[in-house]
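Please read the structure below before turning to the comments.
What follows draws every value from the coordinates through simple rules; no lab data is involved. The shown structure was predicted, so the numbers you read here are calculated from the model rather than taken from an experiment. Cβ atoms come from the backbone with ideal geometry, glycine included; neighbour counts cover every protein chain shown.
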Amino acid sequence: MYEKTFKMVRIMSKFPGIFQKIVYYFLQEKINYEAYYKNLQGKEGLEIGGPTQIFKKNNKLPIYPWLKSLDGCNFSENTVWHDRIEKGKLSYDYDNRRRGYQYICDAVDLKLIEDGKYDFLLASHVLEHIANPLKALHEWLRVVKEEGTILLIVPHKEATFDHQREVTTLSHLKEDFKNNVDEKDLTHLPEILKLHDYGLHNPTGDVESFRERSLHNYENRCLHQHVFDIDQLMKLFNHLQIEVITVDIILPHNLVILGQKTKKIPIKQLKKLI
Ligand SMILES: C[S@@+](CC[C@H](N)C(=O)[O-])C[C@H]1O[C@@H](n2cnc3c(N)ncnc32)[C@H](O)[C@@H]1O
């Protein structure tokens with residue numbers, strides 16, 4: 001459905017500037033703001049891998065100002081995306097000096113956080129960096145209350161340097177979960193090195209240094225371990241019995257999904273489900 005749009009996005013990504021903005025403006029479909037507001041306004045949540053620009057005031061999905069509170073979680077104090085992260089009370093500065101607790105722990109093992117602590121969980125451009133997404137989602141659902149919500153943003157593969165890669169299937173993710181694949185896994189590296197579109201994205205300047213950086217992925221987490229599209233993301237939610245509330249594409253490449261944890265899934269049963 002979005003084939004032509006994403007082709008245009010890939011072309012336009014080479015021409016940053018006002019013309020690009022105009023093209024995106026005309027290609028952008030209506031975003032279901034009401035659904036996000038209704039489900040997040042006045043609520044207490046956790047964000048993995050934040051803060052996120054798109055959630056700030058005057059950006060395309062400005063949810064931060066609606067929230068009652070937000071804590072943060074990152075895998076390390078040092079990442080390529082943020083200034084040094086300090087763990088602790090009021091260290092998570094997510095929106096114009098609004099602050100929450102900052103956890104330092106891996107998204108696949110939120111052992112510092114009790115079951116059902118939060119109303120909602122946000123993770124923008126995180127899931128694709130995780131080697132075992134079902135393990136992470138299991139944890140994310142655990143820390144969210146019954147009928148709480150999960151809002152994920154992943155890059156739609158067709159709009160990014162991953163467009164030549166195959167979408168990760170649900171059965172692949174189930175297999176990774178069954179085999180307890182850990183975050184050091186580099187199974188996808190040969191595929192990434194071969195199919196990454198260096199014309200669209202060349203973060204290290206040449207293929208050899210990209211390979212070198214990727215070999216240290218456990219330290220930097222830069223790899224897109226998996227790639228997603230709308231169908232696969234919806235299948236993933238259905239599989240976990242997360243009721244999909246809305247799915248939006250926010251150009252140029254954000255695939256946004258908001259879902260509600262259904263009352264019926266007792267946390268202990270989730271493991272069996274996966
Ligand atoms: C691509 S950045 C996205 C930053 C921001 N959320 C955004 O959308 O612009 C990925 C973020 O997820 C964090 N991250 C990656 N893997 C993680 C993991 N396994 N556990 C916790 N955080 C992780 C990174 O450190 C970084 O903060």
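When the chain is modelled as a GNM with alpha-carbon springs shorter than 10 Å, which of PRO51, PRO252, PRO190 fluctuates the most? Of the options given, PRO190 has the highest mean-square fluctuation. Among the DSSP beta bridges whose two residues both lie in the chain, what percent are antiparallel, rounded to the nearest 5? About 50 percent, rounded to the nearest 5.
Can you tally the net charge around ARG10? Count Lys and Arg as +1, Asp and Glu as -1, for every other residue whose Cβ sits under 13 Å from the Cβ of ARG10. Computed value for this residue: 0. With neighbours defined as other Cβ atoms within 10 Å of a residue's Cβ, the residues MET12, MET1 order from fewest to most as MET1, MET12. Which net charge results for the neighbourhood of GLU77, defined as the other residues with beta-carbon distances under 9 angstrom from its beta-carbon, given Lys and Arg at +1 and Asp and Glu at -1? Computed value for this residue: +1.
Determine, for HIS196, HIS172, the number of other Cβ atoms within 10 Å of each Cβ, and report the residues in order from fewest to most.
Least to most surrounded, the residues fall as HIS172, HIS196.
Could you give the Stokes-Einstein D for the range 151-274 in µm² per second, using the C-alpha Kirkwood radius, 37 °C, 0.692 mPa s? For these conditions, the coefficient is 204 µm²/s. List the chymotrypsin sites (Phe, Trp or Tyr not before Pro) in the range 152-242 that DSSP assigns to loop (not H, G, I, E or B) and whose Cβ has at most 15 other Cβ atoms within 10 Å. Which are they? Here the sparse-neighbourhood loop sites are TYR198.
Which semi-axis lengths, in whole Å and largest first, follow from the square roots of five times the eigenvalues of the Cα gyration tensor of the range 172-215?
25, 11, 7
Among the GluC sites (Glu not before Pro) in the range 1-38, those placed in a DSSP loop whose Cβ has at most 13 other Cβ atoms within 10 Å are GLU29. Sorting the segments 77-85, 101-109 by their residues' average number of neighbouring beta-carbon atoms within 10 angstrom, most packed first, yields 101-109, 77-85. Annotation note: GluC sites (Glu not before Pro) in the range 118-181 located in DSSP loop regions with a Cβ neighbour count of at most 12 within 10 Å are GLU166. Using the Cβ-Cβ distance between VAL207 and ASN32 with R0 set to 41 Å, the FRET efficiency works out to roughly 0.55. Among THR5, THR204, THR160, the ranking by other beta carbons within 10 Å of each residue's beta carbon, starting with the fewest, stands as THR204, THR5, THR160.
Of the residues ALA131, ALA35, ALA159, which exhibits the maximal mean-square fluctuation in a Gaussian network model of the chain defined by a 10 Å Cα contact cut-off? Largest GNM mean-square fluctuation: ALA35.
The alpha-carbon positions of the range 3-273 define a convex hull whose volume is 128 Å³ per residue.
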